[in-house]
Amino acid sequence: MVTTDPSLRSATRRRIILFPTPFQGHINPMLQLANILHTHGFQITIIHAKFNAPNPSNHPHFSFKPINDGFAEIADQLATNQDASYVLKYLNKSCVDPFRDCLAGLLAEPGQDPVACLITDAAFYFAQAVADELKLPRMALRTSNLGCVLAYDVLPFNSKPACFYLTKQDTDYEASVPEFPLLKFKDIVKITTNPQGMGEFVTNMLTQMRASSGIIWNTFKELEEPDLETITQVFPVPSFTLGPFHEYFPATSSSLIEQDRTILSWLDKQAPKSVVYVSFGSVARITESEFQEVAHGLSNIGFPFLWVVRPGTVAGSEWLESLPENFVEGMGERGRIVKWSPQQEVLAHPATGCFWTHNGWNSTLESICEGVPMICSPCFVDQPINARYASDVWKIGVFLEDGFERTGIEMAIKRVMMDKEGEEIRERISCLKEKISKQYYMNFLMIQRKEVMERQETNGFS
Ligand code: UDX
């Protein structure tokens, strides 16, 4: 973590106002970015929805302004509706007036330092019009990788919605999508259950990213160099690849669910690189039969495992009711199931051998930063795109392409944990880890140098 002393900064500190979308995978990178900016001397105000509100006491150096998001009206649908575009489009309408009032109030506060800019999640596309109206520059934070946005830009959500409903029986199911050949049709059917709704959301988001004063990406140049060139052509506004943010500030302080830290002492007892860590993130859901296949897969392999089962992961279940009979007794000391883990610490632990993940972008980056090979089981939205990049472009994971089925699961775990292929994957991901560590070290030195210079200025040296 970067440890610089912001109190050393000069008296007038420009303010930045940030506005995350209210989901774990979006709150984490926004608050990490806020911490990075604070380290560079900015005052931070976070406007946030009341739904999934961050805990202000974990960030005493920021000020927090909650707004009424109207989310209660649709909250009961979250347990059943996996159409992300529906929720996001709803929030882009329900937040307009409360957000505008809150922002206008902040700008009118007497005696405050000037506001440098507004940074909102790119998914809050409505904020561009509000920022324009209040004559405030808006930057968009896109919490995914570059490749995802390039794919979203060309996928035929509106022109060929039928592509998103193909099934195994269709001849094109295994074929490449002409608009974005890295992806197969079987990948894009996972992205959304409502292509037209998704198309409308994507068009709005990308249009307002193009209208913004700049885009901040939680990714790094060495990972996506070829796509960075394309992005600057497709989005003719300044692009900043400042990630991975969590290298500077961990996600622990913005966790919405309590992390079970007891597993760290269990991990201490396991052999190096022996544990299969399994987590499907904060919003993805699987069916009861998929859940049971995961359980059988884990019980059939000989490796120790740590499995995060977030309450609500299994559609229609509270928590573990759908486990096969005697599963918990059978796993004994070899396995642990928790509701939520300190994921970054788990991935950094020497006992962790591989990460079976849904490929949310934060999880993917966290795995790369710790050099942990992945087994990729994407569920929806950007995850199938991230998984394809991880397995086919960066070659740092094995794609469990055909869903959850115990024999396929066992084979994938074996490929990563025991085969030569797994060793090669580990080498490639370790190389990426190395590149990030070097970049982090250089940035850290730059911050230290800046701080020393400011200290000298404060003390009257030139
Ligand atoms: C959502 C979308 O599903 C994803 O596709 C998009 O890229 C971001 O938003 P989410 O399910 O939240 O993703 O996954 P991810 O992006 O991986 O973020 C999850 C965060 O929760 C990570 O920072 C991870 O460290 C943290 N986490 C996860 C925990 O702290 N404990 C856990 O047990 C699991």
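The values are calculated or read from the model by the stated rules, or taken from the named source; none is laboratory data. Being a predicted model, the structure only gives us computed values, none of them experimental. When we count neighbours, we look across all protein chains shown, and the Cβ atoms used for this are built from the backbone with ideal geometry, even at glycine.
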Kindly indicate whether any position in region 105-117 is within 24 Å of the chain's Cα centre (by Cα) and closer than 30 Å to residue 393 by Cβ.
no
How many residues are aliphatic (A, V, I, L, M) and either without any contact (Cβ under 8 Å) to a residue 12 or more places away in the chain or within 14 Å of residue 395 (Cβ to Cβ) (or both) if we restrict to region 408-437?
6
Hey, does region 380-396 have a residue that's out of contact with any Phe, Trp or Tyr (no Cβ under 8 Å at 6 or more places or on another chain), in contact (Cβ under 8 Å) with a residue 40 or more places away in the chain, closer than 24 Å to residue 149 by Cα and more than 13 Å from the ligand (Cβ to nearest atom)?
yes
How do the pairs read when you match residues in region 345-373 that are more than 22 Å from residue 26 (Cβ to Cβ) with residues anywhere that are within 12 Å of the ligand (Cβ to nearest atom) and assigned to a helix (DSSP H, G or I), using Cβ under 7 Å and keeping only pairs 6 or more apart or on different chains?
348/370; 352/346; 372/347
How many residues are in a loop (DSSP other than H, G, I, E, B) and within 16 Å of the ligand (Cβ to nearest atom) when one looks only at region 314-339?
4
Looking at (1) touching a Pro at 6+ places or on another chain (Cβ under 9 Å); (2) within 7 Å of the ligand (Cβ to nearest atom); (3) assigned to a loop (DSSP other than H, G, I, E, B), find the lone condition where residue 350 falls short.
(2)
When residues of region 373-412 are filtered for being in a helix (DSSP H, G or I), β-branched (Val, Ile, Thr) and under 17 Å from the mean Cα position of the chain (by Cα), how many remain?
1
Residues 250, 311: which one is within 30 Å of residue 148 (Cα to Cα), within 16 Å of the ligand (Cβ to nearest atom), without any contact (Cβ under 8 Å) to a residue 40 or more places away in the chain and not in a strand (DSSP E or B)?
311
In region 194-219, residue nearest to the chain's Cα centre (by Cα) [restricted to those that are within 16 Å of residue 20 (Cα to Cα) and aliphatic (A, V, I, L, M)]:
216
Quick one: in region 353-371, of everything that is within 12 Å of the ligand (Cβ to nearest atom) and in a loop (DSSP other than H, G, I, E, B), which residue is nearest to residue 387 (Cα to Cα)?
359
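Listed here are the residues, each with its yes/no results for (1) away from the ligand (no atom under 16 Å from the Cβ); (2) at pLDDT 95 or above; (3) farther than 20 Å from residue 364 by Cα.
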site	(1), (2), (3)
266	no, yes, yes
271	yes, yes, yes
283	no, no, no
346	no, yes, no
Here is a check on your reading of the model: is residue 273 on the phi > 0 side of the Ramachandran plot and in contact with a Pro (Cβ under 9 Å, 6 or more places away or on another chain)?
yes
Could you give every pair whose Cβ atoms fall below 8 Å, whose first residue belongs to region 39-60 and is in contact (Cβ under 8 Å) with a residue 12 or more places away in the chain and farther than 18 Å from residue 17 by Cβ, and whose second residue is part of a helix (DSSP H, G or I) and hydrophobic (A, V, I, L, M, F, W, C), counting only separations of at least 6 or pairs across chains?
51/71; 51/72; 51/75; 52/27
Which numbered condition trips up residue 342, out of (1) within 12 Å of the ligand (Cβ to nearest atom); (2) surrounded by 24 or more Cβ atoms within 10 Å (Cβ to Cβ)?
(2)
Any chance residue 79 is within 16 Å of the ligand (Cβ to nearest atom), of a type in the set (Gly, Ala, Ser), modelled with pLDDT under 95 and more than 17 Å from residue 254 (Cα to Cα)
yes
Only one of 149, 130, 96 that is at pLDDT 95 or above and within 23 Å of residue 361 (Cβ to Cβ)
149
What residue, of 92, 81, is within 22 Å of the chain's Cα centre (by Cα) and closer than 30 Å to residue 319 by Cβ?
81
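Conditions (1) closer than 16 Å to residue 413 by Cβ; (2) over 26 Å from the mean Cα position of the chain (by Cα), marked per residue:
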| site | (1), (2) |
| --- | --- |
| 303 | yes, yes |
| 317 | no, no |
| 324 | no, yes |
| 336 | no, no |
| 355 | yes, no |
| 362 | no, no |
| 367 | yes, no |
